[in-house]
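Enquirer: Before I ask anything, here is the structure I am working with.
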Amino acid sequence: MGLFHFRHFDIDDCGCGMKICSDSVLLAAWFLPPYREARSVLDVGTGSGVLALLAAEICPYAEIIGVEIDPAAYDAAKANFRNSPWASRLQTVHSDVNDYAVGAPDIIISNPPYFTNGEHSSDAARCAARHQNGFGFDTLLDLPLAEGGHLGMVTPADAYDSIIFDAEMRRRKLRRLCRVATAPGKAPSRLLWDFSDTDGDYVEQTLNLRDTSGYYSDEYRRLTEPYYQKLPLR
């Protein structure tokens, strides 16, 4: 894709296995605003750094670390962080998260690999970004959180049962869930998750990306327009 202009920063995703997609923006816009006071954020599998950069924008007091195993994506994120308005609060770490001492951040965010099987891409970087290969949803659920901390991630809708099971085994509490559908009447294709180690109210909602006319829905616009430089009607 090359250079992508957001409202307050730019992203160059050249060399990254997975290019910028709306999933990361939607996760940040939905998950992060209730936690604006967070002081530490860990972005696991940061890729080009879009989630970490949105965290820096939404959480003005947070120190943000983006962990990335792929060297080309790590280089891209490092450059994007350096060129952003929040360079002093952003750090990249070139590591497998399984080998990185993450500490216990207030917030963990991730747009993790989706696919556990099926044909792998011939592009090694794209393959690593799309397939779990030792980094799965359970990896994120195993990471430590600060007291009162939260884990946010986006997954396919068909991962619901396995993630609920894995979370219960780890005593992680599901606090919010957003079922994302492309349009009214369509089955959800994505899930946005908010886990914590502490009990509290549970909120579930459904978000339609488009309305019955095929235009972006009012709710989707309300969530994401503050971050996109320009969101088209369709």
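The values are calculated or read from the model by the stated rules, or taken from the named source; none is laboratory data. This is a predicted model, so every value here is computed, not measured. Cβ coordinates were reconstructed from backbone atoms using ideal geometry, including for glycine residues, and neighbour counts include every protein chain displayed.
Enquirer: From (1) part of a helix (DSSP H, G or I); (2) crowded, with 17+ Cβ neighbours inside 10 Å; (3) within 18 Å of the chain's Cα centre (by Cα); (4) not hydrophobic (A, V, I, L, M, F, W, C), pick out the condition that doesn't hold for Tyr160.
Expert: (2)
Enquirer: Another one. Would you mind telling me which numbered condition in (1) within 28 Å of Leu177 (Cβ to Cβ); (2) aromatic (Phe, Trp, Tyr); (3) touching a Leu at 6+ places or on another chain (Cβ under 6 Å) Phe9 fails?
Expert: Of everything listed in (1) within 28 Å of Leu177 (Cβ to Cβ); (2) aromatic (Phe, Trp, Tyr); (3) touching a Leu at 6+ places or on another chain (Cβ under 6 Å), Phe9 misses just condition (1).
Enquirer: Which of the residues belonging to segment 141-189 are over 25 Å from Asp211 (Cα atoms) and hydroxyl-bearing (Ser, Thr, Tyr)?
Expert: Listed by number, the list holds a single entry, Ser162.
Enquirer: With respect to Tyr100, is the statement that it is out of contact with any helix residue (DSSP H, G or I) (no Cβ under 9 Å at 6 or more places or on another chain), within 21 Å of Met153 (Cβ to Cβ), at pLDDT below 95 and of a type in the set (Ser, Thr, Tyr) true? Spell out how you get there, then give the answer.
Expert: On the way: out of contact with any helix residue (DSSP H, G or I) (no Cβ under 9 Å at 6 or more places or on another chain): yes; within 21 Å of Met153 (Cβ to Cβ): yes; at pLDDT below 95: yes; of a type in the set (Ser, Thr, Tyr): yes.
Here the answer is yes, as Tyr100 does meet what is asked.
Enquirer: Applying the selection to segment 181-234, what residues are part of a strand (DSSP E or B), exposed (fewer than 14 other Cβ atoms within 10 Å of the Cβ) and acidic (Asp, Glu)? So that I can check it myself, show each step before the final result.
Expert: Within segment 181-234, the subset part of a strand (DSSP E or B) is 181, 190-196, 203-208, 210, 216, 228.
Going one step further and asking which of them are exposed (fewer than 14 other Cβ atoms within 10 Å of the Cβ), we end up with 203-206.
Answer for segment 181-234, where residues must be part of a strand (DSSP E or B), exposed (fewer than 14 other Cβ atoms within 10 Å of the Cβ) and acidic (Asp, Glu): just Glu204.
Listed here are the residues, each with its yes/no results for (1) at pLDDT 95 or above; (2) more than 22 Å from Asn98 (Cβ to Cβ); (3) more than 10 Å from the chain's Cα centre (by Cα); (4) not in a helix (DSSP H, G or I).
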site: Met18; (1), (2), (3), (4): no, no, yes, yes
site: Leu51; (1), (2), (3), (4): yes, no, no, no
site: Ala56; (1), (2), (3), (4): yes, yes, yes, no
site: Tyr61; (1), (2), (3), (4): yes, yes, yes, yes
site: Gly66; (1), (2), (3), (4): yes, no, yes, yes
site: Ala72; (1), (2), (3), (4): no, no, yes, no
site: Ala77; (1), (2), (3), (4): yes, no, yes, no
site: Asn80; (1), (2), (3), (4): yes, yes, yes, no
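Enquirer: Moving on. Of the residues that sit in segment 36-49 and are not β-branched (Val, Ile, Thr) and not in a loop (DSSP other than H, G, I, E, B), which one is farthest from Asn80 (Cα to Cα)?
Expert: Residues of segment 36-49 not β-branched (Val, Ile, Thr): 36-40, 42-43, 45, 47-49.
So of that shortlist, the ones also not in a loop (DSSP other than H, G, I, E, B) come out as 40, 42-43.
On the way: Ser40: 19, Leu42: 16, Asp43: 14 Å.
Going through the qualifying residues, I end up with Ser40.
Enquirer: Is there any pair linking a residue in segment 83-95 that is in contact (Cβ under 8 Å) with a residue 24 or more places away in the chain and within 17 Å of Val67 (Cβ to Cβ) to one that is surrounded by 15 or more Cβ atoms within 10 Å (Cβ to Cβ) and among the small types (Gly, Ala, Ser), with Cβ under 6 Å and at least six apart or on different chains, and which?
Expert: Going by the 6 Å Cβ cut-off, the qualifying pairs are Arg89/Ala56; Leu90/Ala56; Thr92/Gly66; Thr92/Ala77.
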